[in-house]
Each structure stands twice: as structure tokens, then as C-alpha cells.
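Inspection log for the structure reproduced underneath, given as C-alpha cells.
Read-outs throughout are calculated quantities, based only on the coordinates presented, and are distinct from any laboratory measurement. A quick note: this is a predicted structure, and the numbers were derived from the prediction, not measured. All Cβ positions, even for glycine, are placed from backbone atoms using ideal geometry, and neighbour counts span all protein chains on display.
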There are 2 protein chains.
Amino acid sequence: MSRAIAIVGGTGPEGSGLALRWARAGETVIIGSRDLGRAQDAAARIAAKLASQGQVQGLENPAAVAAVEVVVLTVPFTGQATLLKQLKPAFRPGAMLIDTTVPLAASIGGRATRSLGVWQGSAAQQAAELVPKGVAVAAAFQNLSAELLHADEPVDCDVIVCSDDDRARQVASELAEKIPGVRALNGGSLENARIVEQLTALLITLNLRYGVHKAGLRITGLPIKESTE
Amino acid sequence: MSRAIAIVGGTGPEGSGLALRWARAGETVIIGSRDLGRAQDAAARIAAKLASQGQVQGLENPAAVAAVEVVVLTVPFTGQATLLKQLKPAFRPGAMLIDTTVPLAASIGGRATRSLGVWQGSAAQQAAELVPKGVAVAAAFQNLSAELLHADEPVDCDVIVCSDDDRARQVASELAEKIPGVRALNGGSLENARIVEQLTALLITLNLRYGVHKAGLRITGLPIKESTE
């Protein structure tokens, strides 16, 4: 199954890593950026890494959002709310937003091992307040390090998907499992995203303590297997 | 190495599970309870499961705390602060407290998949405010399900230890790795316990969603091996 995915903030390390993995899996990816030139450059860099080209293009953020049913948001927390307000008119009716935002204190000059409190409970719930009615939100991918995404090997990490919408959860889970090694897990309702978001700060602590850049997590004891890829 | 460990709230499912695992590993365990008879009954039930007996006894909580250098707190969140205030005079100078408390909303009649906000940031930081000066606090063991602890097989879960005190972190880590299968990880300072505590609520969500009782977690991508037991 192929579908078009717009990655808002797709020129950044996390967004471009997801773009690379999905393009490799045969998905059609649109890199969104504030600047058309930067979007096109990022798309060209990713296309150059693919065996078969042409599945990745760059557009300005509003055009990227308007072009697809599946929008993935990968911007720093400080830009999230402002950007979503700007993009609100661009969403197609019935589109869905997959939010990867983590409210790290680093986004306001604090530590990457600490998180900010968000009034709504999580960045994902803030996003859900800001998208048009009828646009479903799922939270996912917060715990995948950009370094892992840009590597060639399978990603040794589960993706915990939180959503109040079954279709959004399903699409986010399918996209997660397009990444070799990733297992998608049902993390329940969107409000649970607050825990998954904060887990990223803990993974950063572990990265610092153990001198690595690719700590991830696997949930054990579940009756479903991890991906064998 | 053997040492005496007092488990305050040791008659409950989590405390008795830790007591069983540590007694099996050759540690000397004192089950603490408000009621001496219940403490002794719980100790006898655990002793009956051991190949070699006599390493487990029951005492009232204050006597248990006064008897040891290593105190492990395994009570519901609603009882934590009151109990620590009562026990404050009982701590030995230089003792350490290993706090396993999770501020689940279930403790006040809410959902086990939600947590309560604690003014200090975490139950562990609340504990650190309430122990006598000179008593070091480590947070650990929050993510080990009682069911896993009471089973015979190795526990497929990492224990993330958060502390501002190197000795408390080391003792908590040693005790964690006395449990077959468990790997202890350095989770940084005590303030990070808030994330580890909330992870328990997420594990409960996953237990509910997947119909199991023993979800745990492993951190991937670190340069240290998991226990082979």
C-alpha cells in the first residue's frame, strides 16, 4: 500500500530520517518546509539515497499539508502551536495529523533531559486543540532517535501510538512498521502521549550516561512478536 | 554479599515479590507491616517458598526500619507521606531509602492508567523531603509488576535507578541485579524518577490493551548487556 505523506519540518533530523525510511519503503513523501528551496534540497538529498528515485519531493509547508491525507509534524516544541495555527486552513477535510513533538526543556534553552509542562497534558493534546475539526490526531515516533532513523540498520525500538481515533492509530501504526525493526504498540488514548513524550527525555539521559546516541525501548511481556526484519 | 533489607509495606504484592526474590538470592529480608502478626505471616509464607529457610522475618514497620541500613518502601502512594513522617525517628544515621512508589490515580479511586501530579515532581522526591537528613534516597523498581516478581522465571525488565547519591544508586542497582533477568540502568538524578514512575501507568495501559499482567521494558542501544540469567 502506498500513500502520500507530508512531513512538516521534514528538513530537520527527525523529519528527514522518517522521510528516508518511508521513501525506502515505497511511500510517497513530501518534505514540507517554510522555505521551498530548503524543502527541495532536503528531498533531493533523500532521493539520492534511494535505489529508485522520484518518491520524494519538497514543498512549502501549507502546500505540503494541502496535498495529502496524512500529515506528520516534526518540528521543535516551540514552533508547534504557531505553525499549526498557520497551517489550519491548509488541512483537507478528513485528514489526519501524526504528531511527533516532544516538549523538551532544551527547546527553550533548558536541558534535553527535562520536559516542559504543557497545559493540555502533552504536546499531542495541544496539537489536537489546534487542528481543524474532523482532523484526527495520533501521537507516535517521539522515541526514535534521528541517528537511528538515518542509519542503515533496522531500528531496535517500539513505537507507542496514542490516539482517540482508530483510523489515525491504524495509519500511524502501519507507517511505524514500514520502518524495519520497529514494532507499533497500542498506547491507548491520546492523553497517554504525555508519558511517551517524557520517555524521550529519559532516553536522552540514558544516552548521556552511557555515551551513545541511540537508546530506544522495547516493551516486554506482550503477546505480540517484535518485527523480524 | 549479604545485607539486611527492610521492606516497609512488605506484606503487599510488590513488597512480598521483592522479598521473595531477594531472599532467594541469599539476602536477609525483614518484612515490615503496621501489624506484627501480618508481617510474621507474610515472612512465613515467603520462607516456605525458599529452599533454605530463616532469611526472612517479620517486624512492625518502625522496628524493621531501625534494624537495617537499607529500607525499601513499597506502599500505595496515598500512604507514603504519612508513613514516612511516622518512620522518621526510626531511621539509622546513614541509612538509605529505596522508594518504589508510583503516584497512580488508582490510589485515590481514579484510573491505574493515569498518574497524579506530585508537587515535588515525583513520589521519590516527596520521599526525599520526608526522610531525615543524611538518609540518601534512590528511586527504583517502579516498573516491575508484582506478578512477574512472584513468578519463577527470570524477570524480562530493566530497572532504571534514579538518585542523587552514588552509594544509594549502587545499592539499588546491586539489589536489582539480584533478581534474575533484571538489568539495572543509571537513570540519572532523582528528579528523573517522575518519568520512571509514570512509565508504570503506561505499562498498565499496555497490560490492559494486550490482556496481560506482565508488561515490562528494556532499553535498547546501550553498550551494556542484559543479564543472561
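The lysines whose alpha-carbon is closer than 27 Å to the alpha-carbon of B:K88, local same-chain residues fewer than 8 away aside, are B:K133. Per-residue shielding of A:204-213, expressed as the average number of other chain Cβ atoms within 10 Å of the residue Cβ, stands at 4. Label-point spacing for A:D35 across the identical copies (point 7 Å from Cα in the Cβ direction), in nm and ascending order: 7.1.
Treating the beta-carbon of each Lys and Arg as +1 and of each Asp and Glu as -1, no other charges, what is the dipole magnitude of segment B:3-49 about its Cα centre, to the nearest 20 debye?
The dipole magnitude comes to about 120 debye.
Across the identical copies, the label point of B:G94 (7 Å from Cα in the Cβ direction) is separated from its matches by 7.2 nm, in order from shortest.
Size of segment A:138-178 from its Cα atoms: along the principal axes, largest to smallest, the extents are 32, 16, 13 Å. Semi-axes of the equivalent ellipsoid for segment A:139-229, computed as √(5λ) from the eigenvalues of its C-alpha gyration tensor and ordered from largest down, come to 21, 16, 12 Å. Straight Cα distances below 18 angstrom link B:K225 to the lysines A:K214, B:K178, with same-chain residues fewer than 8 positions distant left out. Local charge for A:P13 was computed over the other residues whose Cβ lies under 15 Å away, with Lys and Arg +1 and Asp and Glu -1, and equals +2. Note on chain B: with charges restricted to the Cβ of Lys and Arg (+1) and Asp and Glu (-1), its dipole about the Cα centre is near 300 debye. With a 10 Å cut-off around each Cβ of B:193-202, the average count of Cβ atoms from other chains is 5. Taking only the C-alpha atoms of segment B:42-93, Rg followed by Dmax gives 13.0, 37 Å. Taken as Cα centroids, segment B:68-141 and segment B:158-226 sit 16 Å apart, rounded to the nearest whole angstrom. How large is log10 I(q)/I(0) at q = 0.07 Å⁻¹ when the Debye formula is applied to the Cα atoms of the protein assembly as shown, each weighted equally and without solvent? Each listed q maps to, in turn, -0.38.
With a Cα-only, solvent-free Debye model of segment B:14-112, what are the log10 I(q)/I(0) values at q = 0.11 Å⁻¹? Taken in order of the listed q values, log10 I(q)/I(0) reads -0.34. Note on chain B: Rg/Rh from Cα positions, Kirkwood definition for Rh, rounded to two decimals, is 0.93.
Each copy carries B:H150; placing its label point 7 Å along the C-beta direction from Cα gives inter-copy distances of 4.9 nm, listed from smallest up.
Dipole magnitude for the protein assembly as shown: about 440 debye, using +1 per Lys or Arg Cβ and -1 per Asp or Glu Cβ, origin at the Cα centre.
With K and R counted +1 and D and E -1, the other residues having a Cβ less than 10 Å from that of B:A136 yield a net charge of -1.
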